[in-house]
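The values are calculated or read from the model by the stated rules, or taken from the named source; none is laboratory data. All values reported here derive from a predicted model rather than from experimental measurement. Positions of Cβ are backbone-derived with ideal geometry, glycine not excepted, and every protein chain shown enters the neighbour counts.
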Amino acid sequence: MSPSTKRSRTDAQSPASDALASGDALRAATFEAVMEELQTVVTRLEEGELSLEESLVAFELGVKLSREGSRRLEDAERRVDALLAGDPAAPDSSSP
């Protein structure tokens, strides 16, 4: 890859990736935003045009996004299970 086509480390991530890289921002993002950004990271990795270092940075972000998405799905599943079981301690459906 020539120096003119080589992307910088910051180019390896989209602006949304930069924003979601911090733990607080990741937790504050919607599930849909997390999944959309994960898809962006996967696409960039699949393109194969990132340097090794850029690929590692993108992969690390992808792992964070995947774990956050999985955590949210598990939380939603627990809420649904509690509601179906008639658990009085289940969160009210009007709360986030």
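Pull up the range 53-96, narrow it to residues that are acidic (Asp, Glu) and more than 17 Å from residue 35 (Cβ to Cβ), then point me to the one that is modelled with the lowest pLDDT.
92
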Verdict on residue 17 being modelled with pLDDT under 85, part of a helix (DSSP H, G or I) and surrounded by 14 or more Cβ atoms within 10 Å (Cβ to Cβ)
yes
